[in-house]
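Have a look at the structure below, then the notes.
A short reminder: the numbers here are calculations on the coordinates, not readings from a lab. These numbers were taken from a predicted model, which means no experiment stands behind them. Cβ atoms come from the backbone with ideal geometry, glycine included; neighbour counts cover every protein chain shown.
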Amino acid sequence: MNHREQLDTVVAVLRDSLCADDLPGFYRLFRSTDLPFVPVTGERDPREVFRFCFEILHQLGGVSPAVALAVENHYYVTSAIATFPVDGATVLDERRRSLVNAIREGRLLVANTNSRVHGKQLGTVGTYAKRSVDGYTVNGTASFTSLASEGDLLVFITRIEDEGPAVFAIKPMQDNPSIEIGPYLFPSAMIDSDTRRISFHDLALTEDNLLIGPADPDADQLFAFEMAWHQLLIPALYLGAAAAALAEVRGFLRNTNGKDGRPLAELDGMVVDVGRLAIDYRSACRVVLQAGDRLADVQRLPADVELLSVASDEASTAKYVGTRCAEQVVSAARRIVGARAFAGGQVLERLSQEVMFGPLGPDVGAVIERRLGARALADRSFLDPWW
Ligand SMILES: Cc1cc2nc3c(=O)[nH]c(=O)nc-3n(C[C@H](O)[C@H](O)[C@H](O)COP(=O)(O)OP(=O)(O)OC[C@H]3O[C@@H](n4cnc5c(N)ncnc54)[C@H](O)[C@@H]3O)c2cc1C
């Protein structure tokens, strides 16, 4: 089967698995296809990898934004590690390549956590690593890990005590006595993202588990590059939800007659309303796809560090625009279809409950507004070309 046929099968199985309450069955099928491992085969350039991930997540997001979000976490981490364009034979490049090989050869699904916890101080990190004689020992709790009970390999950020942030990779993730996979963080809406708290209990790691340490000169660039991938792929899945909502609107308006006996789709007001939604949806997709091209422009680091900064801003803008647009389109669709959208397990019910999570992460709206606002109020005039 080619990738298009595999994707059609995966989407159909996701629908069935949600009805049968059997997400493990969906993941078994997904793992057995080539789709999860396309970013790590090296057969496509970064632009093609991005377009490929966009399409998969857009399709899955139209069925279940929550499951698509879990899968997105696998895609953004693997894509960022596989396409990070570090220049020359550095230690990071060696570690990155060996991780990519392990993911490809082991057919591993990758979960991640930034180790954030909700405390009185924004940005609190709940885990830490201590240097030991032969490596590191990690303890603490992280609030968010999606794909938590399906991930084979966990990539996580923590702080090495008295040093700074580092990224480690560890497997096995499941049935590992030092990794406690805890309760759902979101026990109702978004439950299918499998986002759980996880705790580390004296998790022993060696230098082989380290992807990047605090002293590595490429650390900031890897963090920025990975975040840009994440900000770009998140709107892909929520825009998939918007597309599915528009498909529901289309079906409803074409198949339901007004009191005059004619389809609601023929009402001029409806045509205009749906046209407005379609324009918003298409423009937001375009913003995300163009921002993906900007990230693909980053071909050598550190030489392209300026391009990475441009790509990061574009990715933040795309995430902001794409997730807001998706939320607005789904809300408008719900108002058009009306109460029947909630009668008897309609897809709009699920989309409505899950699409609101789009603007909540990875960067929250306030952070993106601040960043872009500060840039807009700096030295450059609004009249100067910025594109
Ligand atoms: C469904 C879901 C799944 C997730 N899965 C994962 C995962 O697998 N791995 C992972 O590492 N993370 C995951 N995350 C977490 C995500 O990456 C972000 O860390 C998280 O969404 C940030 O949201 P928060 O509410 O915790 O942010 P907080 O930083 O706690 O912000 C809370 C609120 O404070 C305000 N605020 C914050 N910063 C500012 C600012 N600079 N200026 C003004 N106001 C501000 C905003 O109103 C914001 O909404 C997931 C999140 C969600 C929603």
Open item on the list: Suppose R0 equals 30 Å. What FRET efficiency, 1/(1 + (r/R0)^6) with r the Cβ-Cβ distance, do residue 188 and residue 366 give to the nearest 0.05?
Closed with: 0.75
Task: Charge dipole magnitude, Cβ of K and R +1, D and E -1 - the range 252-354, Cα centre, debye nearest 20 - done: 500 debye
- [ ] Return the calculated 222 nm mean residue ellipticity for the chain, to the nearest 500 deg cm²/dmol, obtained by summing -39500 (n - 2.57) across DSSP H runs with n ≥ 4 and dividing by the residue count.
- [x] -17500 deg cm²/dmol
- [ ] Taking DSSP loops as anything outside H, G, I, E and B, show the longest stretch in the chain free of trypsin sites (Lys or Arg not before Pro) there with at most 12 other beta carbons within 10 Å.
- [x] 121-258
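Relative to the compact-globule scaling 2.2 N^0.38 Å, provide the ratio for the alpha-carbon radius of gyration of the range 113-212. Kindly include the intermediate steps, with their values, before the conclusion.
Details: Rg = 13.2 Å, N = 100, 2.2 N^0.38 = 12.7 Å.
My calculation over the Cα atoms of the range 113-212 gives 1.04.
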Open item on the list: For a test of the definition: using alpha carbon positions, the gyration tensor, and the 1.5 limit on a/c, classify the range 54-185 as rounded, prolate or oblate.
Closed with: oblate
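Pop out the Kirkwood hydrodynamic radius of the chain from its pairwise C-alpha distances, inverse of mean 1/r, in Å to one decimal.
21.9 Å
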Open item on the list: For the range 146-276, place one equal point scatterer on every Cα, skip the solvent, and apply the Debye formula. What is log10 of I(q)/I(0) at q = 0.16 Å⁻¹?
Closed with: -0.96
Task: Inter-site label distance for residue 387 and residue 22 at 7 Å from Cα along Cβ, in nm - done: 5.0 nm
- [ ] Quick one: compute the contact order of the range 3-108, relative version, from alpha carbon pairs under 8 angstrom and 6+ residues apart, as a percent.
- [x] 28 percent
Task: residue 379 versus residue 306: modelled label distance in nm, points set 7 Å from Cα along the beta carbon direction - done: 1.3 nm
- [ ] Pick out, from 249, 309, 378, the residue whose Cα sits farthest towards the positive end of the charge dipole of the chain, with +1 on the Cβ of Lys and Arg and -1 on the Cβ of Asp and Glu.
- [x] 249
Open item on the list: Test of understanding: in a Gaussian network model of the chain with alpha carbons linked when under 10 Å, which of 373, 361, 140 would top the mean-square fluctuation ranking?
Closed with: 373
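Considering only DSSP states other than H, G, I, E and B, which GluC sites (Glu not before Pro) in the range 116-196 qualify as loop sites with at most 13 other Cβ atoms within 10 Å?
For GluC sites (Glu not before Pro) across the range 116-196 that sit outside H, G, I, E and B with at most 13 neighbouring Cβ atoms in 10 Å, the list reads 161, 163.
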